[in-house]
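Please read the structure below before turning to the comments.
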Amino acid sequence: MASAFSHTLVDRLAQAESVAVLTGAGISAESGIPTFRDPGGLWQKFRPEELANVEAFLANPVLVQGWYQHRQQVALEKAPNAGHDALVAMETLVAHFTLITQNVDNLHQRAGSQNVVELHGNIMRSYCVECGRFASEAALRPASQEITAQCANCAGLLRPDVVWFGEWLPPDALEAAEKAAQQADVFLSIGTSAVVYPAAGLPQVAKKAGAYVAEINIAPSAIAASMHEVVQGKSGEILPILIEAVRRKKINGAL
Ligand code: BV8
Ligand code: ZN
């Protein structure tokens, strides 16, 4: 059962000039996309070392391409949920709103969020490891499962445009995320276990710079203790109610 958020959170959001939000796989769970570390999550079936890194990819490109083809397919079949939609609505209520996502499923973008910082890339894009050329969306799915998807330009291997473990995050994305965290009046961490860095360090950057930091999650994350507020519950249930309360507060000052 969702626990209520505080009047402070509503007031802070209603008065905020600048809001930054960090999302993780939990916000897509209600769309039917498995998370990574929850029971039954993606890492239960595969170990990250096996699939989400360059060595695994080069050792077994058909397996890793197949895993991303599958996840691309799942993401395309699912739809954004009320949590994604609520963040689209929040963006219209705040002068400077930045949505920083660790998710690669493209659901925030499909929901209509405008200012999305893709910290870990986007599974709908793939590029050639040899010439760097980006391929069309469906390119990662070769005709048959046995062959590798190759670049139309130079026949090099195609890889998903996602950040693997041990790879640097896209510098412009990380810079935009850190800037948004530093300037935020309110920072929300939603649906992330907060174990993957440097993404998980962003709420601390915001807090140090004076932001009110809150997390929305069905269970306390690794950084829950450092939050000003922890709202327990599903993001798809909590966010629409929270945004409605902020909208009312902005219109007539009443809760
Ligand atoms: C890097 C790829 C520099 C795409 C992923 C300290 C500083 C810097 C780096 C490190 C460091 N310590 C260790 C490192 C290395 C590493 C790291 O952080 N390791 C961890 C695991 C210890 N970091 C890196 O390698 C990063 N690169 O730092 O570069 C560098 C360079 C060279 C050498 C060394 C360092 C790269 C990190 C990116 C890795 N790529 N994915 C893909 O295949 O998807 S990580 C993977 O985890 C996903 O991207 C995902 O986004 C991310 C975080 O997971 P979550 O989104 O939080 O999902 P999770 O399942 O864990 O949690 C779901 C949450 O939702 C839960 O809390 C659950 O309670 C909640 N929930 C569920 N349902 C709901 C809900 N909440 C609300 N409502 C619901 N309905
Ligand atoms: Zn190429």
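The values are calculated or read from the model by the stated rules, or taken from the named source; none is laboratory data. Bear in mind that the values here come from a model prediction, so they are computed numbers and not experimental data. Here the Cβ positions follow ideal geometry from the backbone for every residue, glycine too, while neighbour counts run over all protein chains shown. SASA here: full protein model, heavy atoms, side chains in, ligands and nucleic acids out. Shrake-Rupley method; radii C 1.70, N 1.55, O 1.52, S 1.80 Å.
Among the protein heavy atoms, those of LYS234 account for about 100 Å² of accessible surface (1.4 Å probe, every chain in place). Per the Cα gyration tensor, the range 165-207 maps to an equivalent ellipsoid with semi-axes of 17, 14, 7 Å, ordered largest to smallest.
Evaluated with a Cβ-only charge set (Lys, Arg +1; Asp, Glu -1), the range 16-124 carries a dipole of roughly 220 debye about its Cα centre, given to the nearest 20.
Mind checking the range 1-109 for GluC sites (Glu not before Pro) that DSSP puts in a loop (not H, G, I, E or B) and that have at most 16 other Cβ atoms within 10 Å? For GluC sites (Glu not before Pro) across the range 1-109 that sit outside H, G, I, E and B with at most 16 neighbouring Cβ atoms in 10 Å, the list reads GLU17.
What fraction of the Cα pairs in the range 43-149, stated in percent, has a spacing above 17 angstrom? Provide the component values of the computation, followed by the final result.
Numbers: 3461 of 5671 pairs.
Tail of P(r) above 17 Å: 61 percent of Cα pairs.
Looking at ALA184, GLN109, ASN153, which one has the Cα that reaches farthest to the positive end of the dipole of the range 97-196 (charges on Cβ: Lys, Arg +1; Asp, Glu -1)? Positive-end residue among those listed: ASN153. Would you check the chain for Lys pairs whose C-alpha atoms are within less than 22 Å, ignoring same-chain pairs closer than 8 in sequence, and give me the count? Lysine pair count for the chain: 4.
Mind checking Rg over Rh on the chain, alpha carbons, Kirkwood formula for Rh?
Details: Rg = 18.9 Å, Rh = 18.9 Å.
Expressed as Rg/Rh, it is 1.00.
Each 5 Å bin from zero up to the one holding the largest Cα-Cα distance in the range 87-157 carries the following percent of pairs: 3, 16, 19, 16, 14, 11, 9, 6, 4, 1, 0.
For the range 55-191, what is the percent of antiparallel DSSP beta bridges, rounded to the nearest 5? Numbers along the way, then the final one.
Details: 8 of 11 bridges.
Taking every DSSP beta bridge with both residues in the range 55-191, the antiparallel ones total about 75 percent.
Scaling against 2.2 N^0.38 Å puts the C-alpha radius of gyration of the range 166-255 at 1.18.
How large is the Kirkwood hydrodynamic radius of the range 18-78, counting all unique pairs of alpha carbons, in Å?
Details: mean 1/r = 0.0774 Å⁻¹.
About 12.9 Å, per the Kirkwood formula over Cα pairs.
Which semi-axes, in whole Å and largest first, does the equivalent ellipsoid of the range 208-255 have when worked out from the alpha carbon gyration tensor as the square roots of 5 times its eigenvalues?
Equivalent ellipsoid of the range 208-255: 23, 16, 6 Å, largest first.
For the residues ILE218, ILE223, ILE251, a 1.4 Å probe over the protein chains yields an accessible-area ranking, largest first, of ILE251, ILE218, ILE223.
What are the DSSP H helices in the chain that stretch 15 Å or more along their long axis, judged by alpha-carbon atoms, and whose average Kyte-Doolittle hydropathy comes to at least 0.0? Helices meeting the criterion: 82-93, 235-252.
Taking the DSSP bridge list for the chain and keeping only pairs wholly inside it, about 25 percent are antiparallel. Plainly put, the range 110-229 has a radius of gyration that is 1.09 times its Kirkwood radius, both from alpha-carbon atoms, as the Rg/Rh ratio. Think of each Lys and Arg Cβ as +1 and each Asp and Glu Cβ as -1; about the Cα centre, that makes the dipole of the range 89-208 roughly 100 debye.
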